[in-house]
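The values are calculated or read from the model by the stated rules, or taken from the named source; none is laboratory data. None of these values were measured; they are calculated from a predicted model. So basically every Cβ, Gly included, is an ideal-geometry build from the backbone, and we count neighbours across all protein chains shown. Each accessible area value is taken on the protein alone, full model and side chains, heavy atoms only, with ligands, DNA and RNA left out. Shrake-Rupley method; radii C 1.70, N 1.55, O 1.52, S 1.80 Å.
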Amino acid sequence: MSDKSRALKVGSDYIISYSIDNWSQTSNDKQKINFIFRSNTPVVCVDVKQDKCVILQESISAKIENKKISLSRPNEISLSMHIANGSLKKAQELRKSIVQKIGKDKNKNFYEKDVIEIYDYLEEVQKAIVFSYKAIEAMCNSAIPDDYIYKKPSNKIGVVEVYDKLGIERWVSTTEKVSKMLPDIYHCVSPAKKPFWGHFKKLEELRNEIIHSKSSSTSQVLSELLSTDIGKYVKSCEALLKFFFEQDRRNHLFPLIPGVTEIVSHEMEDMEEFFKNI
């Protein structure tokens, strides 16, 4: 497993989001720091000379209506799961309302204004599926080291396919990444042996139906989207994410997870001098 504990990156911009004076006297006490959980893991620096702890967030710039803004760099995994969970909650509330309207009827027709709630449900449930899967894809890209080389037998006899990280991102399926490649990187068992794997594979199947528009409006797919199992499918992505987060607690590209993420502090004899030289 490669060490991806957080380090300052040359060429990146940072902002001070929090600072603690008299650090040597307070570091052994419980110190509550309010982190924004959709941002990247912060950099924790200890200035030995000034006895101060400084929390740095990497910032990113953008333009809106020709005006420049800067913000703490968001974490793509967290953003995706936040969207997925928000949409799942809305979908579950809509489904409950739809079921109540059906009541004890064996058949119920939804047309004109009555069908709007079902359409709203389908929008939310598709967002939940697509973005929870997107979180897994983002996690794979964050977990694979830049210098990692993946080799696998080709369909042609005697030929071995070799992929660098860019090739992996483009040509290797997400299932292969999480079931074979990441277990190789982290020297752990494959999540394919875990109870949540079947639900994840079902979510992947539905996601492909939605993205590639194969048959997303057929009765079978609509029935699956209206199933109570959708919650299990989305939660399987959270279980898969946590499985790998626990293998790599110091990866700064992973989201901030209470009780899982380990934030490592970096001691500097003179912080001002250090920043002059990077």
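Karplus-derived 3J(HN,Hα) values for segment 126-137, using 6.51 cos²θ - 1.76 cosθ + 1.60 with θ = phi - 60°, are 5, 4, 4, 5, 5, 7, 5, 5, 4, 4, 5, 4 Hz; glycine and proline are entered as x. Each Lys and Arg Cβ is given +1 and each Asp and Glu Cβ -1; about its Cα centre, segment 163-278 then shows a dipole of about 780 debye. Computed from Cα atoms, the angle from the helix 197-211 axis to the main principal axis of the chain rounds to 70 degrees. Where both bridge residues fall in the chain, DSSP classifies roughly 85% of the beta bridges as antiparallel. Here's the list of aspartates and glutamates a cross-link from Lys89 could span, going by alpha-carbon distance under 13 Å and ignoring same-chain residues fewer than 8 apart: Asp120, Glu123, Glu124. Distant-in-sequence amide contacts of Asn75, defined by a placed amide H-H separation under 5 Å and a gap of 5 or more residues or a different chain, comprise Ser39, Asn40. Computed about its Cα centre, the charge dipole of the chain is approximately 1080 debye, with only Lys, Arg, Asp and Glu carrying charge at their Cβ.
Entry comment: accessible area of the chain is 61 Å² per residue, from protein heavy atoms only and a probe of 1.4 Å.
Taking amide H positions as placed 1.01 Å from N in the peptide plane, with prolines and chain starts having none, which residues 5 or more places from Tyr14, or on another chain, fall under 5 Å of its amide H? It is Ser59, by chain and number.
Take the residue pairs Lys63/Lys165; Lys151/Lys180; Lys202/Lys232; Lys106/Lys202; Lys68/Lys134 and return only those whose Cα atoms are more than 19 Å apart.
Working: Lys63/Lys165 30 Å; Lys151/Lys180 11 Å; Lys202/Lys232 10 Å; Lys106/Lys202 28 Å; Lys68/Lys134 28 Å.
Violating the 19 Å Cα-Cα cut-off are Lys63/Lys165; Lys106/Lys202; Lys68/Lys134.
Any idea what angle helix 230-245 forms with the longest principal axis of the chain, computed on alpha-carbon atoms, 0 to 90 degrees, nearest 10? The two axes meet at around 20 degrees. Computed from the Cα positions only, the extents of the chain along the three principal axes stand at 75, 56, 43 Å, in decreasing order. Dipole size of segment 72-111 about its Cα centre, with +1 on Lys/Arg Cβ and -1 on Asp/Glu Cβ: approximately 260 debye, rounded to the nearest 20. Of the peptides 82-93, 185-196, 157-168, 134-145, the order by per-residue mean of other Cβ atoms within 10 Å, starting with the highest, comes out as 134-145, 82-93, 185-196, 157-168.
Residues whose amide H falls under 5 Å from that of Glu161, counting only those 5 or more places apart or on a different chain, are Lys152, Ser154, with hydrogens built in the peptide plane. Surface composition of the chain: carbon plus sulfur atoms hold 49% of the accessible area, using a 1.4 angstrom probe and ignoring ligands, DNA and RNA. For the chain, the 222 nm mean residue ellipticity estimated from helices alone, with every DSSP H stretch of n ≥ 4 adding -39500 (n - 2.57) and the total spread over all residues, rounds to -13000 deg cm²/dmol.
Between the listed residues Leu226, Ala62, Ile149, the Cα displaced farthest toward the positive end of the dipole of the chain, a dipole computed from Cβ unit charges relative to the Cα centre, is found at Leu226.
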